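Please read the structure below before turning to the comments.
A short reminder: the numbers here are calculations on the coordinates, not readings from a lab. Computed from a predicted model, the values in this text were never measured in an experiment. Cβ atoms come from the backbone with ideal geometry, glycine included; neighbour counts cover every protein chain shown.
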Amino acid sequence: MALKTIALTIGLVMISLNASATLPLNDSLLGQPFDVVANGKKVSINTCQDLINVRQHLGKIAEVQVNLPNMGWNWLMDSMTACQFENQLRLINAHPVKDSALTLKEIVRHFPANLLPSPNPADYHQNIHKSIEQAFPDIKVTDDTASTVKGARNMRLMDQKTFKTKDGLKIKIVSIGAGVPGGTWSTKQIFILQNTGNKLWKVTPVDYNTVLNPVTF
């Protein structure tokens, strides 16, 4: 039976999405103003509320213009995504609930491998219609960590939470880190898991432009 959930994966440096301690709207996203481009207009933003205002009045953000090292860039992307996602939770009146937990073994068995964060762009085309387990048959799962030999990948199940709207829609948050041994590459990504009824789950990437519309799930 398919889980009627929205499941999200978030990588390595986790910005906690917790209904009792949400990202403050007036806190700076980066510690300094930076520019974004939306609807052809360049706008300087600083806080989470600034980002929400841009999304509401100008639409999707087409570009983020700031010069940062990789770690700083990843942190900013996490901050912007957490800001947008938490605001969406507020808009649809979603609240935390207890729920059965997904295991990393289940994720490895069913998650589309072409959407797994990768340092190799060719993986997207090579792994279409394959699960992580099918794309990397040498993958070994130990508790909350999975590693491959040939693919030289590491994955870790870091956290998961479930929210529910007043209409009964469940929103399941799963935090996953992905990287390569030695720390030479690591990244994070958020996904919406829309259908778990098939061998290969239906998954949609999420970022700071995503809108949670219960009608679409």
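Dipole magnitude for region 52-146: about 260 debye, using +1 per Lys or Arg Cβ and -1 per Asp or Glu Cβ, origin at the Cα centre. Region 30-100 and region 135-192 have Cα centres separated by 22 Å. Under the shape rule built on the C-alpha gyration tensor, where the axes satisfy a ≥ b ≥ c, region 50-205 is oblate, since a/c reaches at least 1.5 while a/b does not exceed b/c.
Each Lys and Arg adds +1 at its Cβ and each Asp and Glu adds -1 at its Cβ; summed about the Cα centre, region 29-108 shows a dipole of about 160 debye. In a reduced charge model with +1 at each Lys and Arg Cβ and -1 at each Asp and Glu Cβ, region 92-189 shows a dipole moment near 200 debye about its Cα centre. Listed peptides 91-98, 188-195 appear in the order 188-195, 91-98 once ranked by packing, highest mean of other Cβ atoms within 10 Å at the front.
Electrostatic tally near F34: other residues with Cβ closer than 12 Å to its Cβ, Lys and Arg +1, Asp and Glu -1, net -2.
Taking Lys and Arg as +1 and Asp and Glu as -1, the other residues whose beta-carbon sits under 12 Å from that of T187 total +1.
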